[in-house]
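Student: One structure, as structure tokens, below. Some questions next.
The values are calculated or read from the model by the stated rules, or taken from the named source; none is laboratory data. Everything quoted here is computed from the prediction, not taken from an experiment. Reconstructed Cβ throughout: ideal geometry from the backbone, glycine too, with neighbour counts over all protein chains shown. The protein model used for the area step is the full one, side chains on, heavy atoms only, and it has no ligands, DNA or RNA in it. Shrake-Rupley method; radii C 1.70, N 1.55, O 1.52, S 1.80 Å.
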Amino acid sequence: FKSRIGIPYIESDLDHSFCAITIQRSSKVVVVPNIMEDTEYSKVGALNGISEGGFYAGAAIRNEDGIALGSLCVLDYEPKTLSKEQIASLEILADQVSKLFELRKKYIQEVENNENLNLKYSELEQFASVISHDLKSPLNNITSLIEILKEENNGGLSEAALTYLEYIDISSKQLKSYVDGLLNYYKTDKLNLSVNEKIDV
């Protein structure tokens, strides 16, 4: 029993369960004014210590696929009847319980998805750290070596050689900028698309 009021038991086996019969029936709400006058319910009633009278009303709780998950029921030891409003209320409550089950299932799925996303984000951060070190360090070295080469060969390099070194330096800085952009892309939840930069193709 997921919820109960007025009974001390927390569970029952199928042989002693009124709800097992309710689930098998096709009608949305089952009302048994006198348990001992119903062929199926009287057998279960006798197993539960009901020798005469008794009342049962139950509404099957079904998921989105129409599969019965259980039932919402009302029991009494005296025969009773329900009004149309009461029957409708029982049906509405059963639908509400079904929706709560579905919401809980979806919530659990969302929690699992969130945990998976956090794991992937952690892996992405590690990836960004590796990229930052393994790509940016060699690019920094290239830029530094170009400066050293220029200083050590001050005036000894041809115009063509200086032009080539300048191209290498510019390309290295551009590649470093692309790496920084890639890292910012993975670290930022939303990109600011309003910021534009003109590129000389």
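Student: Report Rg (one decimal) and Dmax (nearest whole number) for region 4-91, counting Cα atoms only, units Å.
Tutor: 12.6, 38
Student: Using a probe radius of 1.4 Å on heavy atoms only, what accessible surface per residue do you get for the chain? Whole Å² is fine. Walk me through the numbers before you get to the answer.
Tutor: Numbers: 15320 Å² over 201 residues.
Value for the chain: 76 Å² per residue.
Student: Taking N as the number of residues in region 54-117, what value does Rg over Cα atoms divided by 2.2 N^0.38 Å take?
Tutor: Values: Rg = 16.1 Å, N = 64, 2.2 N^0.38 = 10.7 Å.
Normalised Cα radius of gyration, region 54-117: 1.51.
Student: Okay, moving on. Could you tell me which of T163, N153, Y121 has its Cα farthest along the dipole of region 96-179 towards the positive end, charges placed at Cβ (Lys, Arg +1; Asp, Glu -1), taken about the Cα centre?
Tutor: Most positive-ward Cα: Y121.
Student: While we're here: Sorting check: for 137-149, 37-49, which peptide has the highest mean count of neighbouring beta carbons within 10 Å, and how do the rest follow? Don't skip to the answer; put the middle values down first.
Tutor: Working: 137-149: 13.3, 37-49: 15.4.
With the highest mean Cβ count within 10 Å placed first, the list reads 37-49, 137-149.
Student: Then there is this: For region 24-106, what does the relative contact order come out to in percent, with C-alpha contacts under 8 Å and a separation of six or more?
Tutor: Values: 123 pairs, mean separation 24.3, N = 83.
Here the relative contact order equals 29 percent.
Student: Of the accessible area of the chain, with the probe set at 1.4 angstrom, what percent is carbon plus sulfur?
Tutor: Numbers: 8320 of 15320 Å².
It is 54 percent, rounded to a whole number.
Student: Something else now. Of [x] 16.1; [y] 12.1; [z] 21.1, which is the value of mean projected area of the Cα convex hull in nm² derived from the coordinates here?
Tutor: [z]
Student: Can you compute the charge dipole magnitude of region 86-201 about its Cα centre, using +1 on each Lys and Arg Cβ and -1 on each Asp and Glu Cβ, nothing else charged? Give it in debye, rounded to the nearest 20. Intermediate values should be presented prior to the final figure.
Tutor: Details: 12 positive and 19 negative charges, 82 e Å.
Once rounded to the nearest 20, the dipole reads 400 debye.
Student: State to the nearest 20 debye the size of the charge dipole of the chain about its Cα centre, where the only charges are +1 on K and R beta carbons and -1 on D and E beta carbons.
Tutor: So the dipole magnitude of the chain works out to roughly 480 debye.
Student: Mind scanning K84/K106; K28/K99; K84/K105; K176/K198; K43/K80; K120/K198 and naming the pairs with a C-alpha gap bigger than 26 Å? Mind dumping the intermediate values first?
Tutor: Details: K84/K106 33 Å; K28/K99 15 Å; K84/K105 32 Å; K176/K198 17 Å; K43/K80 19 Å; K120/K198 33 Å.
The pairs that break the limit, which is 26 Å between Cα atoms, are K84/K106; K84/K105; K120/K198.
Student: If you don't mind, there's one more thing I want to ask. Using Cα pairs under 8 angstrom and six or more residues apart, how large is the relative contact order of region 53-153, in percent?
Tutor: On the way: 65 pairs, mean separation 21.3, N = 101.
Relative contact order, region 53-153: 21 percent.
Student: For S71, which sequence-distant residues (separation of 5 or more, or a different chain) have an amide H within less than 5 Å of its own amide H, given hydrogens modelled in the peptide plane?
Tutor: I61
Student: Using the Cα centre as the reference, give the magnitude of the dipole from point charges on the C-beta atoms of region 1-113 (Lys, Arg: +1; Asp, Glu: -1; all else neutral), rounded to the nearest 20 debye. Intermediate values should be presented prior to the final figure.
Tutor: Working: 12 positive and 17 negative charges, 53 e Å.
Its charge dipole is roughly 260 debye.
Student: As an exercise, use a Förster radius of 41 Å and the Cβ-Cβ distance of L47 and L117 to find the FRET efficiency, rounded to the nearest 0.05.
Tutor: Details: r = 50 Å, r/R0 = 1.23.
That gives a FRET efficiency of 0.25.
Student: Under the rule of -39500 (n - 2.57) per DSSP H run of 4 or more residues, summed and divided by the residues of the chain, what mean residue ellipticity at 222 nm is obtained, to the nearest 500 deg cm²/dmol? Spell out each step's value before the answer.
Tutor: On the way: 4 runs with 114 residues, N = 201.
Only helices count here, giving -20500 deg cm²/dmol.
Student: What percent do you get for the relative contact order of the chain when only Cα pairs under 8 Å and 6+ apart count? Before the final figure, lay out each step's value.
Tutor: Details: 180 pairs, mean separation 27.4, N = 201.
Answer for the chain is 14 percent.
Student: Any idea how far apart D180 and T143 come out in nm if each label point goes 7 Å out from Cα toward Cβ?
Tutor: If labels sit at D180 and T143, their model points lie 0.7 nm apart.
Student: Please give the peptides 69-82, 167-180 ranked by average Cβ packing (other Cβ atoms within 10 Å per residue), highest first, as a rough proxy for protection. Show your work: numbers first, answer last.
Tutor: Working: 69-82: 16.4, 167-180: 13.9.
Output ranking for 69-82, 167-180: 69-82, 167-180.
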